[in-house]
């Protein structure tokens, strides 16, 4: 009986397909029992889509709040109802002749922690229904503004009415809203023309392969080599290699304290810790509880 493949697959999503459809094709391609992604890309957008396969779907929560990096094109002078190129034009402006100094000054205003209104055309929900469905029925719902972090914002090219830029940001940041807000600050409006995610939660476009390439490779090779193992995906999480005794305790759900992690007793990280066996297979993820000085079971994986 063939072992079930579990891990992370990084897909370079193409334009014109939803994130859900990408996951469905990956699931079929790998004959996976379960699959999911860790952050939606709009259908017109391209780039890094992190797909969790089988048991690795338990790890998706660790990537949902990871930092993102994008390359985007802002088109000045045209506003749309969706804030991107897929929407209906709502306003146009003739005067978009700004100096480079003015443009850079306005971009600078959006670095750091900013307040952002989520777009009415988004997957956020109101009364259990995605906002974009309300908006399509001409009943738009505006969610309250929320704080997001723009870690860096760099202009790559100015060729008016287009401005190509790179942005690193916190999860939950809407780049189309950022474009609309920059256009508003300039006084001419604007929308997101193109978007490509180049990094998500530490995974970059260099780690990714297109669906077409994956499907072509499946005809001639084993795609398991493209799967990043569960023990290797949480790069920044402290790790402990369990001996047989400790592994058995975990498998039986025994209460775990720092004393179970000799010789690191007293020096073990407090917070999340991943436990692997001698073969570097992920056994469990534990979280330290300061209230009772024990490690709670966050995820446990059958061996």
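The values are calculated or read from the model by the stated rules, or taken from the named source; none is laboratory data. Predicted, not measured: the structure shown is a model, and the values here were computed from it. Quick reminder, even Gly has a Cβ in these numbers, built from the backbone with ideal geometry, and neighbours come from all protein chains shown.
Values computed for the structure shown
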| item | result |
| --- | --- |
| Filter pass, residue 7 being at positive phi, modelled with pLDDT under 95 and touching a strand residue (DSSP E or B) at 6+ places or on another chain (Cβ under 6 Å) | yes |
| Residue count for the stretch 15-66, restricted to those that are at positive phi and either in contact (Cβ under 8 Å) with a residue 24 or more places away in the chain or surrounded by 18 or more Cβ atoms within 10 Å (Cβ to Cβ) (or both) | 4 |
| Restricting the stretch 83-97 to residues that are touching a residue at least 60 places away in the same chain (Cβ under 8 Å) and out of contact with any helix residue (DSSP H, G or I) (no Cβ under 7 Å at 6 or more places or on another chain), the residue that is farthest from residue 183 (Cα to Cα) | 87 |
| Selection count, the stretch 167-190, where residues are more than 18 Å from residue 102 (Cα to Cα) and in a strand (DSSP E or B) | 3 |
| Test: residue in the stretch 196-207 that is more than 25 Å from residue 62 (Cβ to Cβ) and either touching a helix residue (DSSP H, G or I) at 6+ places or on another chain (Cβ under 7 Å) or at pLDDT 95 or above (or both) | no |
| Considering residues of the stretch 199-239 that are outside any helix (DSSP H, G or I) and buried (at least 18 other Cβ atoms within 10 Å of the Cβ) only, the residue farthest from the chain's Cα centre (by Cα) | 227 |
| Looking only at the stretch 135-157, and only at residues there that are over 15 Å from residue 111 (Cβ atoms) and surrounded by 15 or more Cβ atoms within 10 Å (Cβ to Cβ), the one that is modelled with the lowest pLDDT | 135 |
| Strands (runs of 3 or more DSSP E) completely within the stretch 44-110 that count 2 or more residues being within 24 Å of the chain's Cα centre (by Cα) | 46-53, 68-76 |
